[in-house]
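Enquirer: Handing you a structure now.
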Amino acid sequence: MYKVVIDGQPSEVTNGTTILAACEQLGIEIPTLCYLKHLTPEGSCRICVVEVKGARHLQIACATPCTDGMEITTMNERIYAFRHMIIELLLANHHADCFNCSANGSCKLYQYAMDYDVEQTRFEEVTKFRPKDESSEFFNYDPSKCILCRRCVRTCNQLQSNHTLSLKNRGVATWVGLPFDKLFKDSNCVSCGNCVSVCPTGALTTKASKKYRSWEVTKTRTTCPYCGVGCQMDLLVKNGKIVGVEPADGPANSNLLCVKGKFAYRFINHPDRLKTPLVRKNGVLTSTSWDEALDYVAEGIKRIKAESGPDAIAGFASARATNEDNYVFMKMMRAAIGTNNVDHCARL
Amino acid sequence: MEELRVVLSKAGDISPIKSSEYVSVGGYEGLRKAVEAPEKVIEFIKASGLRGRGGAGFPTGLKLSFTANTPADQKYIVCNADEGEPGTNKDRVIMEEIPHRIFEGMAIAAVAVGADQGYIYLRAEYPHLKKILEEALADAREHSFIGPNIVNSGFNFDIQLFIGAGAYVCGEETALLDSLEGKRGEPRFKPPFPGVAGLWGKPTLVNNVETLANLPAIILNGPEWFRQIGTEKCPGTKVFTLSGNILNPGVYEYPIGVTIRELFEDVGGCCPNGKKLYAVQTGGASGNIIPPSLLDTPMDIERCSENGATFGAGDLMFIDEDRCLLDVLENLIEFFEHESCGKCTPCRTGNPQLLALIRKFKNGTAKQSDLELMLELGNVMVGGCLCGLGQAAPNPILSAVRFFPEVFKVNNNYERGAS
Amino acid sequence: MTNSIAEVVDADAILVIGSNTTETHPVIGAKIRQAVNRGAKLIVAEPREIPLAQQAEIFLPLKPGTNVAFLNGLMNVIINEDLMDEEYVKNRTEGFEELWDIVKEYTPEKVGEICCIDPEDLKAAARIYAKAERAPIFYAMGVTQHSTGTAGVMSVANLALLCGKVGKYGCGVNPLRGQNNVQGACDMGCLPGDYTGYQKVANPEARAKFEKAWGVGLSSRPGLTITEVMDAIESGEVRCLYIMGENPMVSDPNLNHVEHALRSCELLIVQDIFLTETAELADVVLPATCYAEKEGTVTNTERRVQMIRRAVPGPGDSRDDWMILSEIMHRLGYDNEFSSPQEVLEEIARVTPSYGGFSFERLEKVQPQWPCPTPDHPGTPILHVGKFSRGERAIFKPSPCILGAELPDEEYPLILTTGRILYHYHTRTMTGKNEDLNRVVGRSFVEINPTDAAKLGIEDGGRVRVTSRRGEVEVDARVTNRVSEGVIFMPFHFVDGAANRLTNNVVDPIAKIPEYKVCAAKLRAM
């Protein structure tokens, strides 16, 4: 264990703890743009600087490991001015079209500009922006909003390991692009949307996000309904409807999702959802009340059981339903009907 | 002060290719001595006080010991021959004239740290050196100075030549390693330092050509001999590059501590055509620009920094009275803007802004606030960029503002005059 | 899975067999690739050149239906080259002699012929797997969905045991379960022969326990599996079928047969969220809420129990499944005391030792993996550490390779294999309602090797008719090197051009799993 002092507060950290993690332990917030849990810190955005006693320059919190006896200051005039400058520099290369931006309300650059009182950058715009790519069915890419934090590139390469996104050119001409300047739809992109989930600005946004602002939605943590991995995610709800999905840091998925988890939620609000019980009358399925439908089911089961015994009834439970639903189903078949004819599509 | 050749000793007198000729002038004797007592090599280098000749001046013995003390199944020696600093040509000359001395230095380092593979990362803009180095390496391999069982010692150490891809930033050791791994050349965050986790994550010693070429003589003649040369804190010689408005531009090896005036007047022969010296850029393209009043500054890391000059890689670019300093600065910042890798915010976005500001001074539209913004930005870059490229890029401007304030004329009325 | 998903990134070598992981379990696929980024050696054994094959150290394009021969071949090399974990085999297994009796026949040369692979690749794969300290095996339906699926699974386990890679971090036998709660549905006893937590119906003690817990007498007669139920409906033995959240009209093999059975069922009750192809045939359809509209728990492929939570109200009069079922039970004269899913889980925990430690309250904070017998038990990330469920030792259950039940012949010269694609899920009940996904892939297709395509005059993108002994469908052709000569692949998601009109409903005699992965077919350009 190392002893460190952060803003006058003594603390103990394990060997290898970064300054950022040590600050988190004490509940001290440090602004970050390029930093992302699960990625190797690369220290490129420089906004997370703090002052370390004895060090000539400010140090970045996300990557610098604590050393024993380290004394850290997380805010003073020097740090404030430095971060202010970084935000100004970024804004000079950012199409600040906040009013129209899908990320309005969830943009980290906007947030930090507000936190550090950057009303306007003193610098001139020097970047020539690349054209938008809206070819994906699921998300849009607007390079003019990109601040080159490279989270998307690193997520695509290190975590998703799909190698669709890469850095092109260098210096101020650097941009995030695809091999041979392809469009997303013509590339090897698997539409996992993990780049979109990690983008701190409006450079990569879901097509649906144009229609809501972050303050309008509530989040509900749940488990993805598709395959058996059990990814944890948040459903974003506006006015009683799901409008988006964000990955969560579950034990199985560590903030990743796939195209189905991230984007295939529209069936929930689909108009074709069943809304009332249906009973076949004169060969046609007809809307009816729960009482009628349930009576119909119960009477039918009772009659067949009376005539042919319980084993004339069989039930298929569901690999899509919850443990509780399946338990009650199984109990219904065995305890209420009296047969062991219960199975589900485990084999299919 | 007299010229003294350690690194360039016998350079030009013998074939650069044939190891037999290098051996005839005492070549590879240092290596023979090193393999007899590998454990003493680092001790010797530490005692010699040798510091890196690439620009940062880090104690070489300490660097060797980091790599030596990190246990690993594989270690590497990398020779940084990506000499990309405009106005620096010293490594080129060493490689052209006496490459075996570099190989010998690398092999000594390999024996000391326990590496069996070396790489020379050669600047792509030195295409003629590829042939020389390849032939010299083949000759060294043929005579078992590199390859399996070098000088019959039981040690294996081979060297592979790797041609860079034309990026200045790859002279930065971690960007060089990324490039060597086949990636986009971008500096890595340190720690971990290459000595602990470098090439492909393995402990790697990365040293400049000139630094490595110093090792054979130190091992052969001993640290005390080396310490007699140069200054107390910076023993040894330095290969200086003189360029710009000077009569005898070129590469010269002198003991460290030689003054800029000696190099300018005695060695370089002053400005041509009787022009007056206006300024000197010291240390390289990212070094400080100083006025003639500081010519008596000795070229020594500590003296330079005390006086506001830069030791760097030992470059001196002389600027005569006919030159416009703003043109020089514009040219330098264009270079850094072009060579920035784009990874960290202050370097990527700061250099173009410095360039825009310098151009305002050039066209007379700069205000007092522009001067202040330029200094503020420059200082943020010095303290906040990820690697040396960005940290040093504002040096010419910051030093010029300090020593040549008259150049930065502001026109506070400009705003009112403009529509 | 015997081990946990998170362990894969620390692997030294990974064997993937019968799983197109990046498309069917994309996040595990991504983690396998992360391991490869860190230096793990990947071995992929699959009939198709799936995306993971590109990152593989060794890719073995197995002829469909030859998994057992391949696995036996690996063990043959491992034993012959002294790469097995002798200590482990001696102390923790039984039946090595029997194993050797069978696998000794499977020399690399013979296996090379059976599987259509290079024997040298087989040897190299065996060495990589056996020598690695941490080497998990991942498999999925490509191993199980065969008439010899049980033998496939046993052979995977044999291989892991032989190398001492069971009960160890970063190793294990790791089946990837296909559906979000297929593990949970099995755990909950939705299997004819099992109560919850695999307590056997055939075991009188277990039955007595549930009789006591539920306060009723229980049947000891063995129940029927899905495929058996279909036959039993046709023979009149079963007259009523209650289907909750399944769509056998797309998902089951030999759909013509399924359709006939469902149409002839006297009382078909379907409880679902959409009017699925199956619901259209029902007598009663009950509208259920979906996962975003209810609370409960699901169990993932690594046995981890996690919550789903209500984000929005269900549409119209839809109700939660458990509520509908409780209502029916009440009408059948059996009353549950449940007033919430939480109370259902409390009962599950009472009657299921491996689930004893789960409650909503606890799962809000941590999500342990079963077995988790008590509320203070941390869960079990790795099974069989030091001890197997049957005792000290595991038994090798070797099996010779028996090829698919229906092999190509002159009339049906191609092997048809089926699977999922990235952009759709199972019967598309959910994904098919997303227009963006449909625009990416909206129609069924068949993958065919360029050589076969040239012979048959089939062009990429052209329409073709695929025929088997059970039916025929029309789909788009995709001419691609992903499949070997003699093999064609179809996704099974689509109703129009349904692969399961063609598949064979022959089942594995033990697991009763149908042979989706191999049947004989022919192809004709239209």
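The values are calculated or read from the model by the stated rules, or taken from the named source; none is laboratory data. From a predicted model like this one, the values you see are computed outputs, not experimental measurements. We place every Cβ from the backbone using ideal geometry, glycine too, and count neighbours over all the protein chains shown. Heads up: the accessible areas ignore ligands, DNA and RNA and are worked out on the full protein's heavy atoms, side chains in. Shrake-Rupley method; radii C 1.70, N 1.55, O 1.52, S 1.80 Å.
Enquirer: Since C:LEU325 meets every condition but one in (1) at the interface with chain A (Cβ under 7 Å from one of its Cβ atoms); (2) open to solvent by less than 30 Å² (accessible area, probe 1.4 Å); (3) out of contact with any Gly (no Cβ under 9 Å at 6 or more places or on another chain); (4) under 25 Å from A:VAL245 (Cα atoms), which condition does it not meet?
Expert: Here C:LEU325 clears every test but (4).
Enquirer: Pairs under 9 Å by beta carbon, first residue within 13 Å of C:GLY164 (Cα to Cα) in segment C:91-108, partner acidic (Asp, Glu) and open to solvent by 90 Å² or more (accessible area, probe 1.4 Å), six or more apart or different chains?
Expert: Cβ pairs passing all conditions: C:ASN91/C:GLU392; C:ARG92/C:GLU392.
Enquirer: Here's another thing I want to ask about it. Can we say C:ARG420 is free of Cβ contacts under 8 Å to residues at least 40 places away in the same chain, within 14 Å of another protein chain (Cβ to nearest Cβ), surrounded by 15 or more Cβ atoms within 10 Å (Cβ to Cβ) and among the basic types (Lys, Arg)?
Expert: Details: free of Cβ contacts under 8 Å to residues at least 40 places away in the same chain: no; within 14 Å of another protein chain (Cβ to nearest Cβ): yes; surrounded by 15 or more Cβ atoms within 10 Å (Cβ to Cβ): yes; among the basic types (Lys, Arg): yes.
Against the criterion (free of Cβ contacts under 8 Å to residues at least 40 places away in the same chain, within 14 Å of another protein chain (Cβ to nearest Cβ), surrounded by 15 or more Cβ atoms within 10 Å (Cβ to Cβ) and among the basic types (Lys, Arg)), C:ARG420 does not qualify.
Enquirer: Let me ask another. Scan segment A:113-120 and tell me whether some residue there is in a helix (DSSP H, G or I) and crowded, with 19+ Cβ neighbours inside 10 Å.
Expert: Within segment A:113-120, one or more residues are in a helix (DSSP H, G or I) and crowded, with 19+ Cβ neighbours inside 10 Å.
Enquirer: Here's another thing I want to ask about it. Residues of segment C:187-213 being under 19 Å from C:SER389 (Cβ atoms), out of contact with any Lys or Arg (no Cβ under 8 Å at 6 or more places or on another chain) and surrounded by fewer than 19 Cβ atoms within 10 Å (Cβ to Cβ), which ones?
Expert: C:TYR198, C:LYS200, C:ALA202, C:ASN203, C:GLU205, C:LYS209
Enquirer: Something else now. Being in contact with a helix residue (DSSP H, G or I) (Cβ under 8 Å, 6 or more places away or on another chain), open to solvent by 20 Å² or more (accessible area, probe 1.4 Å) and assigned to a loop (DSSP other than H, G, I, E, B) is the filter here; which residues of segment A:149-169 pass it?
Expert: Selection gives A:HIS163 alone.
Enquirer: Cβ-Cβ distance below 8 Å, separation of 6 or more or different chains: which pairs start in segment B:1-26 with a residue that is outside the structural domain of B:ASN214 (by TED's automatic domain parsing) and end on one that is open to solvent by 70 Å² or more (accessible area, probe 1.4 Å) and among the hydroxyl-bearing types (Ser, Thr, Tyr)?
Expert: From residues that are outside the structural domain of B:ASN214 (by TED's automatic domain parsing), the pairs are B:ILE14/B:SER24.
Enquirer: For segment C:108-167, which residues satisfy the criterion of being in contact with a Gly (Cβ under 7 Å, 6 or more places away or on another chain), part of a helix (DSSP H, G or I) and not aliphatic (A, V, I, L, M)?
Expert: C:PRO108, C:PRO119, C:GLY142, C:THR144
Enquirer: When the residues of segment A:72-95 are filtered to those that are facing chain B (nearest Cβ under 8 Å) and open to solvent by less than 40 Å² (accessible area, probe 1.4 Å), which remaining residue is farthest from A:ARG122 (Cα to Cα)?
Expert: A:PHE82
Enquirer: Let me ask another. State all residues of segment B:362-414 that are under 26 Å from A:ILE87 (Cβ atoms) and of a type in the set (D, E, K, R); if no residue qualifies, say none.
Expert: Result: B:LYS367, B:ASP370, B:GLU372, B:GLU376.
Enquirer: Can you pull out the residues in segment A:213-270 that are among the basic types (Lys, Arg) and closer than 17 Å to C:ARG310 by Cβ?
Expert: Answer for segment A:213-270, where residues must be among the basic types (Lys, Arg) and closer than 17 Å to C:ARG310 by Cβ: A:LYS219, A:ARG221, A:LYS238, A:LYS241.
Enquirer: Taking segment A:252-283 as the search range and keeping residues that are surrounded by fewer than 20 Cβ atoms within 10 Å (Cβ to Cβ) and at the interface with chain C (Cβ under 7 Å from one of its Cβ atoms), which one is farthest from C:TYR423 (Cα to Cα)?
Expert: A:ARG280
Enquirer: Cβ contacts < 8 Å: first residue polar (S, T, N, Q), restricted to segment A:328-348; second residue open to solvent by less than 10 Å² (accessible area, probe 1.4 Å) and assigned to a helix (DSSP H, G or I), any location; separation 6+ or different chain. Result?
Expert: Short answer, once both residue conditions are applied: A:THR339/A:MET333; A:ASN340/A:MET333; A:ASN340/A:ARG334; A:ASN341/A:MET333; A:ASN341/C:VAL229.
Enquirer: When residues of segment B:83-98 are filtered for being open to solvent by 20 Å² or more (accessible area, probe 1.4 Å) and in a loop (DSSP other than H, G, I, E, B), how many remain?
Expert: Matching residues across segment B:83-98 total 4.
Enquirer: Considering only segment B:272-390, give the helices (runs of 4 or more DSSP H) lying wholly within it that have at least 2 residues that are outside the structural domain of B:ASN248 (by TED's automatic domain parsing) and touching a strand residue (DSSP E or B) at 6+ places or on another chain (Cβ under 6 Å).
Expert: none
Enquirer: Hey, among the residues in segment C:249-298 that are within 7 Å of chain A (Cβ to nearest Cβ) and part of a helix (DSSP H, G or I), which one's farthest from C:VAL229 (Cα to Cα)?
Expert: So, considering only residues that are within 7 Å of chain A (Cβ to nearest Cβ) and part of a helix (DSSP H, G or I), the one farthest from C:VAL229 (Cα to Cα) is C:ALA292.
Enquirer: Got a number for residues in segment C:3-24 being out of contact with any Gly (no Cβ under 7 Å at 6 or more places or on another chain) and of a type outside the set (Val, Ile, Thr)?
Expert: Adding up the residues that qualify gives 6.
Enquirer: Check off (1) outside any loop (DSSP other than H, G, I, E, B); (2) at pLDDT 95 or above; (3) farther than 26 Å from B:GLU337 by Cα for A:PHE99 and give me the number that stays unchecked.
Expert: It is condition (2) that A:PHE99 fails.
Enquirer: Is it fair to say C:MET307 is open to solvent by less than 30 Å² (accessible area, probe 1.4 Å), in a strand (DSSP E or B) and under 21 Å from A:VAL328 (Cα atoms)?
Expert: yes
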